[in-house]
Amino acid sequence: MFLALTTMPKIKPWCWPTNYTYDRVIYIPGQRAHLLEYQEELIDSKGNSYWKTTDTTSADHRSSVKEFLEQMKDYYENQSCTKNRMHS
């Protein structure tokens, strides 16, 4: 019996802002649920950086690409401003 394996192309996530530094909103196309994740960059005890999801929300999958990107931007601005108020 011969089993053929095909590899799926790696799907690149969408991020807002596109030039993120320490926080971002990420969406991974192709997932069954249309979730936006707010992530913050953290550093572990060995000095390695990693991304931690600190909040999620669902997005309207019926939106146009332009509307979907606007949802990402709005979610980022809301989450980022919330975090900034907490640190002030």
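Values in this text are rule-based calculations from the coordinates and carry no lab data. The model shown is predicted, which means the values in this text are computed figures rather than measured ones. Cβ: placed from backbone, ideal geometry, glycine included. Neighbour counts: every protein chain shown.
Structure data summary
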item: Other-chain or far-sequence residues with amide H under 5 Å of His34's (modelled H); result: Ala59
item: Spin-label pair Leu69/Asn19, simplified geometry with 7 Å Cα→Cβ offset, distance in nm; result: 1.5 nm
item: Residues Tyr20, Tyr38, sorted so that the one with the fewest Cβ neighbours within 10 Å comes first; result: Tyr20, Tyr38
item: Inter-probe distance in nm under a simple model that places probes 7 Å from Cα toward Cβ, at Asp55 and Leu35; result: 1.6 nm
item: Residue-wise HN-Hα coupling along the range 12-27, computed from phi with Karplus coefficients 6.51, -1.76, 1.60 (Hz; x: Gly, Pro); result: 7, x, 8, 10, 9, x, 5, 10, 4, 10, 10, 8, 6, 10, 10, 9
item: Cβ-Cβ FRET estimate between Lys12 and Ser45, R0 fixed at 30 Å, reported to 0.05; result: 0.50
item: Viscosity 1.306 mPa s, temperature 10 °C, Stokes-Einstein D of the range 14-87 from Kirkwood C-alpha radius, µm²/s; result: 122 µm²/s
item: Reach of Lys52 by Cα under 12 Å, taken over aspartates and glutamates that are not fewer than 8 positions away in the same chain; result: Asp23, Glu37, Glu40, Glu41, Asp44
